[in-house]
Amino acid sequence: WACRKGHTDVIKLLLHHSMSNIELNARDNYGRTALMFACSNGHKDVVQLLLEHHERINLNAVAKNGETAFMWACLNGHNDVVKLFLDNSERIELNARNNFGETAFMLACLRGRKDVVKLLLDHPKIDLNVRDDNGFTAFTIACHLGHKDVVQLLIDHSGIDLNVRDNTGRTAL
């Protein structure tokens, strides 16, 4: 609850006493961790604290739907949190896939998170042309959902395959 609500002082106290019986990687019924809640709600200071304790916190934990904390930050458009993850990319699985084969980059495009997409486009470890279970790429998703600003960013980027076909043979056009 402290991570979900962004109570930084409480989290500092819990991390300080975590050598007791506090389970820092505890999960709810959906497999979500405290880090996932902090990322989903954009609590940058909380995420920073948890990243600093990476040796005791599973930064790449996967919920039952296959989503990671990084995916939640991208999906909800929390630029500052996304930057923290990108700055710690040596410990983060940036191209992890959820149960539908979607990556954090795809989820940012799905929601039209232009600023997050900008951050991800420039990171060398992000797979820009990965395909989900239906054969959709981030580009085809953004086109399909009409996210004009995101589509323009992707068109302007040299690393995007604009002619990829999905599993039924359709292109973004």
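The values are calculated or read from the model by the stated rules, or taken from the named source; none is laboratory data. Note that the structure is a prediction, hence the values are computed from the model and not measured. Glycine gets a Cβ as well: all are built from the backbone with ideal geometry, and neighbour counts include every protein chain shown. These accessible areas exclude ligands, DNA and RNA; they are computed on the full protein's heavy atoms, side chains included. Shrake-Rupley method; radii C 1.70, N 1.55, O 1.52, S 1.80 Å.
Computed quantities for the displayed model
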item: Subset tally (residues that are over 24 Å from ASN99 (Cβ atoms) and in contact with a Ser or Thr (Cβ under 7 Å, 6 or more places away or on another chain)) for segment 1-48; result: 3
item: Which listed residue, of ASN163, ASN167, is open to solvent by 60 Å² or more (accessible area, probe 1.4 Å), free of Cβ contacts under 8 Å to residues at least 24 places away in the same chain and polar (S, T, N, Q); result: ASN163
item: Among the candidates ASP9, ASP115, residue that is acidic (Asp, Glu), modelled with pLDDT of 95 or more and assigned to a helix (DSSP H, G or I); result: ASP115
item: The lone exception for VAL82 - which of (1) surrounded by 17 or more Cβ atoms within 10 Å (Cβ to Cβ); (2) of a type outside the set (S, T, N, Q); (3) more than 26 Å from ASN129 (Cβ to Cβ); (4) within 18 Å of the chain's Cα centre (by Cα) it fails; result: (3)
item: Residues (farther than 13 Å from LEU75 by Cβ and either of a type in the set (D, E, K, R) or buried (at least 20 other Cβ atoms within 10 Å of the Cβ) (or both)) located in segment 97-114; result: ARG97, LYS114
